[in-house]
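What follows is a short report on a single structure.
Just so you know, all these numbers are worked out from the coordinates, no wet-lab data involved. Just so it is clear, the structure is predicted and the values come from calculations on it, not from any experiment. Here the Cβ is made from the backbone with ideal geometry for all residues, glycine too, and neighbour counts use every protein chain on show.
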Amino acid sequence: MMNKNLFILIAAFIIGLLIGALAFSSKNNEGNSDVSKETKDEIVILLENLKEKTKIDFSEIEDIEFKWNVEKNQKIEEVAIQGKGFEVKGIPTENYEKIEVFFQDNNFEINLQNISSGTISGAAGYKKEQTVCLITEGVAGYEEAEDQWIPPEPDKRDVKIKCGKGGDEIEPIISRDEAIKRLFAEKYSTKISAVKIDINKETENHLRGTVQILDKSVEGFGDSLIFLAAKVYDNWELVFDGQGIISCEEMAKYNFPEDMIEDCEEISAK
């Protein structure tokens, strides 16, 4: 009798352990499921949101590789992006416009290095921090078209969307001189190629030089004029662009070396 009771106790103990293990395993799997949802690929989430917001019947999301253009010291280089994407064929033009609005509403900016246009097809690149998306589109049937092709439905588009994340390799590399030229071009609404600069004195964070703008529509730059630039939070800023008087008080805010601003004037003293 004793042995029988002992056997029953041992059996009950083992069954209890098994039930406990199964319960723990089930709970653990539920936890893993929650983690999986939390760590879901943000590119997948982006594409799913795009599909939901636009109500466009895109194909299934697939793993893809695509090329992204990046400016490196005034040259364009291609970077391979591992990402995801989908496509849709024969959508009305107004639906394509919904795609553009989606990216704009989600704070993506158009990337000029990834824009192209043609008679029947084109591409537009969008970038937000480290996330990039390339949209290629064209008149319905354009990929299968041959020479002398006339689109049967010119108001419908075939669209492919590819998105992925990159690192430092997708960030443009712009030389110091190019950055200064761009600042002048943006400020005076002219072409970068119309801006000519020469650096006379420099430190890691300060520049003094001369600038000439070879654009006759920009007044006041017929001759070379002095400019001063300072690096603020790793970005170059124009602090004097040749117009007016160099203010000692203003230059002091940027800690210019004295030999760069010997010709400054105390404006407040006048």
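For the reader, a short list of remarks on this structure follows.
- Segment 176-269 - Debye-derived log10 I(q)/I(0), Cα point model, q = 0.22 Å⁻¹: -1.13
- Segment 163-204 versus segment 42-72: alpha-carbon centroid distance in Å: 31
- Loop-located GluC sites (Glu not before Pro) in segment 162-270 (DSSP state not H, G, I, E or B) with no more than 15 neighbouring Cβ atoms inside 10 Å: Glu204, Glu219, Glu262, Glu266.
- Rounded to the nearest whole Hz, the Karplus-based 3J(HN,Hα) values (6.51 cos²θ - 1.76 cosθ + 1.60, θ = phi - 60°) of segment 174-183 follow the sequence 10, 5, 4, 5, 5, 4, 5, 4, 5, 4, with x at glycine and proline.
- Our estimate of slack between Tyr233 and Asp263, defined as 0.36 nm per intervening residue step minus the Cα-Cα distance, is 8.2 nm.
- Sites matching GluC sites (Glu not before Pro) across segment 106-165 that sit in DSSP coil, with at most 14 neighbouring C-beta atoms within 10 Å: Glu129, Glu146
- The P(r) of segment 43-170 has a tail past 21 Å containing 40 percent of all C-alpha pairs.
- Per-selection metrics, segment 117-168 (Cα): Rg and Dmax in Å: 13.9, 44
- Maximal additional length on extending the Ser224-Lys128 stretch stands at 30.7 nm, based on 0.36 nm per residue less the C-alpha distance.
- Subtracting the Cα-Cα distance of Asn73 and Val44 from their residue separation scaled by 0.36 nm leaves 7.1 nm.
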